[in-house]
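What follows is one structure encoded as structure tokens, with my remarks underneath.
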Amino acid sequence: MKKIVAIVGPTGIGKSNLAIRLCQKINSEIISADSRQVYRFMDIGTAKPDIEERALIPHNLIDIINPDESFSLAEYQQRCKLLIDDMHGRNIVPFLVGGSGQYVWAVLEGWNIPKVIPDIEYRDMLEKKAAEIGKEGLYRELQSVDPEAAARIDASNVRRVIRALEIAGNAIDDKTRQRNKNPVYDALIIGLTTSRDEIYRRIDDRIDTMIENGLVEEVKELVKRGYKLDLPSMSAIGYKQIGMFLKGELSLEEAIQQIKYETHRYVRSQYNWFKLKDDRIKWFDIQNDIESDIIKSIKDFMDFN
């Protein structure tokens, strides 16, 4: 089977920086597994690798669509497969790097993703229902019809809850994420973690840096380019709250606090995707000296598995 190395874990843990250093030593390339970094012009709020970092190591599946374009999980999975095939054709073991659980597992587990055509009327009905019963009520409906999907979706992400209900509502016998019983990749999954307090501290520092580096100006520029604040891409953590600030619905201080709170909650949902007890993942605590051990694990994997 084709080999692939994945580096996973919560946001702000240092996955990208580690991956760049590893790829320099092992001569590899990065495939991004971040559902927000696919968008052009959204750089600061997505903590996208900068030009200098991308010059060091090729980064794939970053800046591939505009903020008003759609991009499905199935499209991501297909693009990933083509990239992995291409890299193996050049004798390169790819590094799949990111914290978007759906993206990572769709590739590594070989999900069979049902092709459900978007039903706009049904979505509108569910959006109205969410306004009436609340996002928690809508999430409970998903739990009742597709508990597996619900377990992998953040209850606060109304757009994804609606999409999951839309798929379930099409009376498809196959689940949204049927796993391939014979995955095509031999994967080494490296997980980065540490204490929850340390993760939150790193996140808060990073968000303060995003503000200092011009996140407000980035959102203003997106609006100036014609991208509306109600686009799905603009509902991402950080962009949504700064958009509310620009509309006068929040003070800047309130927006920053909401970004931190929502990012902390996002981290908790990421640990539902990447469980510390998952024996497929080889976990490393970033507060230890781990890089040499990770390099050894990767070299052993490449040479002997």
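The values are calculated or read from the model by the stated rules, or taken from the named source; none is laboratory data. Predicted, not measured: the structure shown is a model, and the values here were computed from it. Using ideal geometry, Cβ is built from the backbone for each residue, glycine included, and neighbour counts are taken over all protein chains shown. Quick note on the areas: whole protein, heavy atoms, side chains included, nothing else; ligands and nucleic acids left out. Shrake-Rupley method; radii C 1.70, N 1.55, O 1.52, S 1.80 Å.
Would a scan of region 248-260 turn up a residue that is open to solvent by 30 Å² or more (accessible area, probe 1.4 Å), within 24 Å of Ser16 (Cβ to Cβ) and of a type outside the set (Phe, Trp, Tyr)? No, region 248-260 has no match at all. A single entry from Asn272, Asn182 fulfils the requirement of being closer than 27 Å to Ser297 by Cβ, at pLDDT below 95 and in a loop (DSSP other than H, G, I, E, B): Asn182.
Scanning region 222-236 for residues that are open to solvent by 80 Å² or more (accessible area, probe 1.4 Å) and either assigned to a helix (DSSP H, G or I) or out of contact with any helix residue (DSSP H, G or I) (no Cβ under 9 Å at 6 or more places or on another chain) (or both) yields Lys224, Arg225. Before we move on, is Gly110 surrounded by 14 or more Cβ atoms within 10 Å (Cβ to Cβ) and on the phi > 0 side of the Ramachandran plot? When the stated conditions are applied, Gly110 passes them.
Checking each residue in region 124-165 for being outside any helix (DSSP H, G or I) and more than 21 Å from Pro232 (Cα to Cα) picks out only Asp146.
Name the single residue, out of those in region 53-80 being of a type in the set (Asp, Glu) and assigned to a helix (DSSP H, G or I), that is modelled with the lowest pLDDT. Among those that are of a type in the set (Asp, Glu) and assigned to a helix (DSSP H, G or I), it is Glu75. Residues that are free of Cβ contacts under 8 Å to residues at least 12 places away in the same chain and either touching a Gly at 6+ places or on another chain (Cβ under 9 Å) or among the hydrophobic types (A, V, I, L, M, F, W, C) (or both) were ranked within region 24-56; the one that is surrounded by the fewest Cβ atoms within 10 Å (Cβ to Cβ) is Ile51.
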